[in-house]
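Please read the structure below before turning to the comments.
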Amino acid sequence: MRLISVKSLTVFGKNNGTLIEAVSNSSTTFHNGTFCTSSLEKIHNNSSRVPYIKLSCGNVQMPIVGLGTWKAQRDEVQNAINVALEKGYRHFDTAFNYNNEEDIGDVLKKWFDSGKGKREDLFITTKLPNCGNRPKDVERFLKMSLDRLKLSYVDLYLIHMPFSFFCNESNFTPLTNEDGTFCLDVNNDLIGTWKVMEQQVKNGLTRAIGLSNFNAEQVQRVYDSAEIKPTVLQVEMHAYLQQKELRELCKKLNIAVTAYSPLGSPGANTHFSTKYNYSLADFPDILGHPTVKELAEKYKKSAGQVLLRHLIQQDVIVIPKSANPDRIKSNIDLFDFELSADDVEKLNALDKGEQGRIFDFLFFKGVTKHPEYPFKGREEEK
Ligand SMILES: NC(=O)c1ccc[n+]([C@@H]2O[C@H](COP(=O)([O-])OP(=O)(O)OC[C@H]3O[C@@H](n4cnc5c(N)ncnc54)[C@H](OP(=O)(O)O)[C@@H]3O)[C@@H](O)[C@H]2O)c1
């Protein structure tokens, strides 16, 4: 496939039945004999309405919409994935910590066995848990995830969080001290861990590697030390937390950005208070914001579709979670309308900066004492 080099985000070129939209324009490099281009592109395959973001290394394409699966277990996640596959999702996001990789693996195996689709049609992301941020632990956690998912490789493996805990080896839950604080492993070595992440690409256990919940300094530090660069940063992102500076950095470094909790994670507060006895003082209702509702009415779409479209129009990958068939369908039904520039500005104006953050991880009691806690000053702000 020939790459089209263009400077504008809005210029499309047609090539062998594939529409290509170049997101940035920079030089082509080679790495370890693998073809790498340092531009991110949005590719519209004719067979699918969902555009792909072509990642910066290894010729890997990532659908711009995926299904999130946090908190979804057994029947709930299995039904959701079956519905999602029917509705055209080809990208699924999970993590070792979600305890649902096994459930997801069962559904995927049935789907492959039925002949409805092939492994290479799917994009599967999973994550190294924060009790595994050590060079010696990366491979064994990735292999456990692959075992549970019944896959021989994942498409993307992320370091879930930059900080790390000591864990109970029998069930991999974090150890806590008598006062309820988490047992911090303050010696975790992100650069050493990244080196072993790179090895997983070379060994063929993952096609791409990336980071999650890292701040700008941490992303830059890993990037500068990396032989295989991070290709994706997955962070909380929605209308109240738009992270423009972090997005700018990622654009400069050719790292694709995935927005987690793109709808503002309704339901997260109940989870935080049930599991950790922790709640945010003002849990946001982004879906219910008057501007979002007004735009939903204007475009004859749901509030969720407006929030998701706002992100994908800025080349941000979204992974909304739903277990409801109608919402699963509507959350990928985003490609028959476009928000006007004025309406994008109206949504941009909802940004609350750090005040909009939901996932500050303060539910992990004592986490701010970890040297790699990414949101410095957070405790004092609240
Ligand atoms: N890397 C990380 O640390 C991290 C952290 C958090 C999340 N994530 C990933 O990102 C995914 C998405 O984030 P999230 O689950 O926190 O939040 P989210 O996708 O913003 O919101 C999910 C919630 O919204 C509801 N919902 C879904 N679609 C809706 C719609 N169109 N209208 C109204 N409500 C809707 C869902 O309920 P129903 O199921 O009833 O529809 C669910 O309660 C996660 O599932 C996970 O895969 C990653």
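Structural remarks
- Cα gyration tensor, the stretch 226-382 - rounded (a/c under 1.5), prolate or oblate: oblate
- Computed over the chain, the per-residue total of -39500 (n - 2.57) for DSSP H runs of n ≥ 4 gives a 222 nm mean residue ellipticity of -9000 deg cm²/dmol, rounded to 500.
- Simple rule: put +1 on each Lys or Arg Cβ and -1 on each Asp or Glu Cβ in the chain, find the dipole, and look at G132, I358, G68; the Cα lying farthest toward the positive end is G68.
- Count Lys and Arg as plus one, Asp and Glu as minus one, and take only other residues whose Cβ is under 13 Å from that of K301; the net charge is then 0.
- Dipole magnitude for the chain: about 980 debye, using +1 per Lys or Arg Cβ and -1 per Asp or Glu Cβ, origin at the Cα centre.
- Measuring against 24 Å, Cα to Cα, the residue pairs K71/K195; K87/K300; K71/K352; K116/K150 contain K71/K195; K71/K352 as the ones spanning a longer distance.
- Cα gyration tensor category, rounded, prolate or oblate, for the stretch 164-248 with a/c compared to 1.5: oblate
- Ordered by the number of other Cβ atoms lying within 10 Å of each residue's own Cβ, fewest first, S170, S322 fall into the sequence S170, S322.
- One way to sum up the overall shape of the chain is the equivalent ellipsoid from its Cα gyration tensor, whose semi-axes run 29, 26, 22 Å, largest first.
- Footprinting exposure proxy for R119, R148, R207 (fewest neighbouring C-beta atoms within 10 Å first): R119, R148, R207
- Approximate spin-label separation Y278-R140, in nm, with each point projected 7 Å along Cα-to-Cβ: 2.7 nm
- Sorted ascending by nearby beta carbons within 10 Å, beginning with the fewest, L156, L249 become L249, L156.
- Leading residue at positive end of dipole, the chain (Cβ point charges), from F214, H310, G180: H310
- Counted charge near S330, where neighbours are those whose Cβ lies closer than 13 Å (Asp, Glu -1; Lys, Arg +1): +3
- Length gained when the stretch L175-N59 is fully extended (0.36 nm per residue, less Cα-Cα span): 37.8 nm
- Given their separation in residues at 0.36 nm each and the Cα-Cα distance between them, S152 and E345 gain 65.1 nm when the chain is fully extended.
- Sparsely packed loop sites in the stretch 144-182 (the chymotrypsin sites (Phe, Trp or Tyr not before Pro) outside DSSP H, G, I, E and B with at most 10 other Cβ atoms within 10 Å) do not occur.
- In the stretch 60-367, a dipole from Cβ-located charges (positive for Lys and Arg, negative for Asp and Glu) runs towards its positive end, and of G288, T231, P266 it is T231 whose Cα lies farthest in that direction.
All of the numbers you see were taken from the coordinates with simple rules; none came from a lab. Note that the structure is predicted; figures quoted are calculated from it, not measured. Every residue, glycine as well, gets a Cβ built from its backbone with ideal geometry; the counts of neighbours run over all protein chains shown.
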